[in-house]
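The values are calculated or read from the model by the stated rules, or taken from the named source; none is laboratory data. Computed from a prediction, not measured in an experiment: that's the story for all the values here. Using ideal geometry, Cβ is built from the backbone for each residue, glycine included, and neighbour counts are taken over all protein chains shown.
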Amino acid sequence: MAIAIILILIVIGSVLFHILAPWHATPAASNWGSIDTTLFITLIISGIFFIAITVFMAIAVMRYRHKEGRKAAYQPENKKLELWLIIVTSIGIAAMLAPGLVVYNDFISVPKNAYELEVIAQQWQWAFRFPGQDGKLGKSDIKFIDSANPSALIPRILQGRTMCL
């Protein structure tokens, strides 16, 4: 009985800790509302499963505790229970996956007014390469990379010629 009470106290403590947590007052990032929402949905679904499983364990501990004259029955398979667990688990996983896929699709979709640029990150510095008047980046090849040319731009005298690379 003590174990069942401890399990219920863990559930109550966890829920109170989440509700009274001060870090939920402000969003993680002002421009990432969809990510915050996705994390919140995942937390709610995980919390529901945590509460359900812990309460089930507490009920099982109380209901099936040792009693004199009662012997445990061995049941190797329960098809109905297995099917129920597979369905509920699959729905829970899909419910946690779906919002993340929607948010991911939002972040990988390139806006129509975006333009291409190249950024090279090195220790203690960044190098940016923007498109020219035609809206395209200049041609580059790795064999031209050096400290003076971190973008590996092909020199102008070679850009018009056919090159064997």
Which of the numbered conditions does Leu137 fail, given that it passes all the others? Conditions: (1) at pLDDT 80 or above; (2) more than 22 Å from Ala114 (Cβ to Cβ). (2)
Tell me yes or no: at least one residue of the range 119-140 is farther than 30 Å from Ile6 by Cα and part of a helix (DSSP H, G or I). no
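Residue by residue, here is whether (1) in a loop (DSSP other than H, G, I, E, B); (2) under 30 Å from Ile5 (Cβ atoms) holds:
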position: His18; (1), (2): no, yes
position: Ile48; (1), (2): no, yes
position: Ala60; (1), (2): no, yes
position: Arg70; (1), (2): yes, yes
position: Phe107; (1), (2): no, no
